[in-house]
Amino acid sequence: MKPKRHQFEWNLLVLVTTALVLFGIVMVYSATSGSAALGNANPLGFVSKQVIYAVVGVGLLVVVSRLPLERLRALAPSLVVTALVLCLGVLVVGERINGARRWLTAGPLVFQPSELAKLALVVWTAAYLTRRQPPRTLQELARPLGVLVLVFAGLVLVEPDLGTALTLLLVVGAILLVSGTRMRLLASAYGIVFGLAAIAAWSSPYRRDRLLTFLDPWKDPTGAGLQNVQALISFGSGGIFGRGLGSGLAPLYYLPEAHTDMMFAVVGEELGLVGVTLVLMAFCAFGYAGIRLAIACRDPFAKRLAAGVTALVCGQAAINMAACVGIAPLTGIPLPFVSYGGSSLVVMLVGVGVLLNIARDGGRAAAAVPDRGRRDGGARRAGARRRGSVAAAGRARDLRRVAGSRRGAARS
């Protein structure tokens, strides 16, 4: 059933998501078919898997978009525990690919637990902050929310996966901000976290090399700086309109992992500045719809959930695009809906299903508890009821006084 109040946000989310998923399927084929053919492999191998994951993701999107939000909130603890167990399990039995343990394999299926961790943490944080006042001190912020976030971030850093750790911090910060947490407290907390992250990055040779490569990729253009340099060359060679779909040279010979975290560079080479601008505008439109939805929600859980999911999608897109154009270190984060990757695509589509659920319901569902973080929703209606009851009591006292004075005048 289509929404009435939030039909604009519903339509925009559906349109942008559909366009990005279809565009991603085309780009995956364009980035992988040539190299597969040169290697005597199946040119449709990657794109066929991407289509299967897209179908699975759309099916879950439909289910989640019709699931009552109260049931989703009740599932929050189970989602977090499941994600935590899987993130621990991948470090023990996960398959090591390109020096990282990020994937669990079951036959032909490959799953990345850190992708589930992102969505699980968004749902749990939204549910937790709905029931409580926003944290006012670093101690309140640390227990239990800060500890849980740092545990997840630590587990994915061990894989290693710096991009997912940054994404977790970003989405939790967005939900805290919507919940009414003071900016001074957030600035202090993130200053401490990023200070510790800088120490951890410098103490690890792998992360230190990535940081130094980001600062000067041309120092080692054929080694550690290869991806950074070739991505920049891809953007430059694309010009205004690009070389054309399937005509890019970077995925064939020069750009490693072009179909995953470097897909934005492939877009720049094959579709030029026009294609890059359209992709950027698509994510801006997605963010606009998500922010409008979060602002309009009267249900406190839906408000926080909409903000978290929007930050999850658009934050990942911003991190990926910034890394590809050389203004941020490479983190391995895929471009949502566009890059090849089944786990990411399915989880992102489930997130869109959550936003469509909120748009369909219109944020009108009464929360089980009042919004304790901001002066809206149930808290404001409760205050209005109290003021109304006080006014009614005052009117009743006035009427009793008038009636008493009239009875006294009649007796006299």
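Read-outs throughout are calculated quantities, based only on the coordinates presented, and are distinct from any laboratory measurement. Treat the numbers as computed from the prediction; the structure is a model and nothing was measured. No Cβ is skipped: glycine too gets one built from the backbone with ideal geometry, and neighbour counts run over all protein chains shown.
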> How do the peptides 344-352, 302-310, 231-239 rank, highest first, by the average count of neighbouring beta carbon atoms within 10 Å per residue?
Replying inline: 302-310, 344-352, 231-239
> Assigning unit charges at the beta carbon (Lys, Arg +1; Asp, Glu -1) and nothing else, what dipole magnitude in debye, to the nearest 20, does segment 166-265 show about its Cα centre?
Replying inline: 320 debye
> Residue by residue through segment 262-270, which ³J(HN,Hα) values in whole Hz follow from phi under the Karplus form 6.51 cos²θ - 1.76 cosθ + 1.60 (θ = phi - 60°), with glycine and proline marked x?
Replying inline: 10, 5, 5, 5, 5, 4, x, 6, 8
> Regarding segment 1-116, what are the three Cα extents along the principal axes, ordered largest first, in Å?
Replying inline: 53, 35, 20
>> Using the Karplus curve 6.51 cos²θ - 1.76 cosθ + 1.60 with θ = phi - 60°, what ³J(HN,Hα) values do you get for each residue of segment 19-29, in whole Hz, with x for Gly and Pro?
In response: 4, 5, 5, 5, 4, x, 4, 5, 5, 4, 5
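For the peptides 260-270, 129-139, 173-183, what is the packing order when you average, over each peptide's residues, the other Cβ atoms within 10 Å and list the highest mean first?
Values: 260-270: 27.0, 129-139: 16.1, 173-183: 19.9.
Ranking, from highest mean packing down: 260-270, 173-183, 129-139.
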> Given H placed on each backbone N at 1.01 Å, which residues far from residue 103 in sequence or on other chains put an amide H within less than 5 Å of it?
Replying inline: 95
> So what are the ³J(HN,Hα) numbers for segment 325-334, from phi and the Karplus equation (6.51, -1.76, 1.60; θ = phi - 60°), rounded to whole Hz, Gly and Pro as x?
Replying inline: 8, x, 9, 8, x, 5, 10, x, 6, x
>> Counting only other residues whose beta carbon sits under 14 Å from that of residue 237, what net charge do I get with K and R as +1, D and E as -1?
In response: -1
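Give a quick list of trypsin sites (Lys or Arg not before Pro) in segment 1-70 that DSSP marks as loop, anything other than H, G, I, E or B, with at most 13 other Cβ atoms within 10 Å.
Numbers: sites: 4, 5, 49, 66; in loops: 4, 5, 66.
Listed in order of number, the matching sites are 4, 66.
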> Taking a ≥ b ≥ c as the square roots of the eigenvalues of the Cα gyration tensor of segment 7-374, is the shape rounded (a/c under 1.5), prolate (a/b larger than b/c) or oblate?
Replying inline: prolate
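If neighbour count is taken as other Cβ atoms inside 10 Å, put 23, 283 in order from fewest to most.
Working: 23 18, 283 22.
Listed from fewest to most nearby Cβ atoms, that is 23, 283.
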> What number comes out for the charge environment of residue 217, summing +1 per Lys or Arg and -1 per Asp or Glu over other residues with Cβ under 14 Å away?
Replying inline: -1
>> Considering the Cα positions of segment 67-168, please state its Rg to one decimal place and its Dmax as a whole number of Å.
In response: 14.8, 48
>> Among 217, 151, 111, which residue has its Cα furthest toward the positive end of the charge dipole of segment 95-224, with +1 on Lys/Arg Cβ and -1 on Asp/Glu Cβ?
In response: 151
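Would you list 298, 208 from fewest to most Cβ contacts within 10 Å? Provide the component values of the computation, followed by the final result.
Working: 298 18, 208 13.
Ranking 298, 208 by Cβ neighbours within 10 Å, fewest first, gives 208, 298.
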> Around residue 247, with a cut-off of 13 angstrom between Cβ atoms, what is the net charge of the other residues, counting Lys and Arg +1 and Asp and Glu -1?
Replying inline: -1
> Which aspartates and glutamates does residue 219 reach when only Cα atoms under 12 Å apart count, and residues fewer than 8 places away in its own chain are ignored?
Replying inline: 209
> How do 281, 27 line up, fewest other C-beta atoms within 10 Å first?
Replying inline: 281, 27
>> For the ranges 334-343, 71-80, what's the packing order if you count other beta-carbon atoms within 10 Å of each residue, average per peptide, and put the highest first?
In response: 334-343, 71-80
